[in-house]
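Working notes, beginning with the structure itself.
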Amino acid sequence: MSLAGKVAIVTGASRGIGAAIAEELAGAGAFVIGTATTQAGAEHISTKLGAQGAGYVLDVSSETSVEDFFAAIKDAHEAPLVLVNNAGITRDNIALRMKADEWDAVVNTNLTSIYRVSKAAMRAMTKARWGRIINVTSVVASIGNGGQSNYAAAKAGVEGYSRALASELGSRGVTVNCVAPGFIKTDMTDALSEDQTQGLLSRVPAGRLGEAAEVAALVVFLAGETAGYITGSTIHINGGLYMN
Ligand code: NAP
């Protein structure tokens, strides 16, 4: 199996895309450290992954929580050489009414968190001269979306950060890429009204929402040995909603 012997971190692995990524990475042989914001979520991850992984509590929006998390895994596991920054939130509002707390929450959880968690993980990767950082962004970073200026700004910021980091870490065998999903069936899209979903689907040539497992398969490919020459890229997966 392509990732046998590797330890991988997946943030936000309790449900949705992150849960599918954790499952697929484990299926490829990795030992997966999956995170949730609650103890119950972390225990659920441990149960699901069995011998192939463990669940931990992590709030990526908190510097202290990130420090505590890395301290907790340090002695318990080999150094993680694969990091999937998947955790994310939305707080939608039109720009004119966007509140400072909605802006701050989305930028902190979706963008600043990537700096925090990647910084804590990258030293072990450079030391090993091998690493994979995969950031889950969104098609919205490229096409924009009314009501999501905070989310679009944060996800576009992650893509810029990833290119700069890829430049810094390329010579150390560490790749940094983004996976930008279109509309995928998870709790995040379940929150949309039927009208909103139909409106979106009319713009998707594939005529359906994507599956979390389809995004996970792409992440597992980028995490593998054969993807070593792909870095600084954003790979889109959106059923044709956006073609670049
Ligand atoms: P989801 O079903 O809402 O799950 C979100 C995950 O993130 C959960 O595991 C949640 O943990 C975790 N999380 C939330 N806030 C966190 C925090 N402060 N610290 C750590 N973890 C936190 O979301 P999803 O649809 O799977 O989305 C996953 C990623 O894909 C996100 O980055 C999202 O922006 C991106 N994305 C999704 C879509 C889509 O259509 N679904 C499209 C494009 C991009 P708890 O369970 O503990 O709350």
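The set of residues in the stretch 140-182 that are in contact with a Gly (Cβ under 6 Å, 6 or more places away or on another chain), under 23 Å from T126 (Cα atoms) and open to solvent by less than 30 Å² (accessible area, probe 1.4 Å) comprises A166, V174. Here is a check on your reading of the model: is G239 within 12 Å of the ligand (Cβ to nearest atom) and of a type outside the set (F, W, Y)? Yes.
A single entry from A19, A8 fulfils the requirement of being closer than 25 Å to G210 by Cα, modelled with pLDDT of 95 or more, among the small types (G, A, S) and in a helix (DSSP H, G or I): A19.
Counting only helices (runs of 4 or more DSSP H) that sit completely within the stretch 31-139, zero hold 3 or more residues that are near the ligand (Cβ under 9 Å from one of its atoms) and closer than 28 Å to I235 by Cβ. As a summary of the residue check, A164 satisfies the conditions (1) of a type in the set (A, V, I, L, M); (2) more than 19 Å from I89 (Cα to Cα); (3) in contact (Cβ under 8 Å) with a residue 24 or more places away in the chain except for the one numbered (3). If you check R132 against the conditions, is it open to solvent by 20 Å² or more (accessible area, probe 1.4 Å), at pLDDT 95 or above, under 20 Å from L81 (Cα atoms) and charged (D, E, K, R)? Spelling it out, it is not the case that R132 is open to solvent by 20 Å² or more (accessible area, probe 1.4 Å), at pLDDT 95 or above, under 20 Å from L81 (Cα atoms) and charged (D, E, K, R). Quick check: is even one residue across the stretch 176-192 within 14 Å of the ligand (Cβ to nearest atom) and among the hydroxyl-bearing types (S, T, Y)? So far as the stretch 176-192 goes, yes, one or more of its residues are within 14 Å of the ligand (Cβ to nearest atom) and among the hydroxyl-bearing types (S, T, Y). Close contacts from the stretch 60-73, counting a first residue that is farther than 15 Å from I89 by Cβ and a second that is open to solvent by 30 Å² or more (accessible area, probe 1.4 Å) and more than 12 Å from the ligand (Cβ to nearest atom), with Cβ to Cβ under 7 Å and a gap of 6+ residues or different chains, come to V66/A120; F70/A120. Can you find a residue in the stretch 196-212 that is outside any loop (DSSP other than H, G, I, E, B) and within 23 Å of A13 (Cβ to Cβ)? Scanning the stretch 196-212, I find at least one residue that is outside any loop (DSSP other than H, G, I, E, B) and within 23 Å of A13 (Cβ to Cβ), so the answer is yes. Listed by first and then second residue, the pairs with beta-carbon distance under 8 Å, at least 6 apart or on different chains, first residue in the stretch 176-187 and of a type in the set (K, R), second surrounded by fewer than 23 Cβ atoms within 10 Å (Cβ to Cβ) and in a strand (DSSP E or B), are K185/G210.
The values are calculated or read from the model by the stated rules, or taken from the named source; none is laboratory data. Source: prediction; values computed, not measured. Counting neighbours? That spans all protein chains shown, and the Cβs are built from the backbone with ideal geometry, glycine included. Each accessible area value is taken on the protein alone, full model and side chains, heavy atoms only, with ligands, DNA and RNA left out. Shrake-Rupley method; radii C 1.70, N 1.55, O 1.52, S 1.80 Å.
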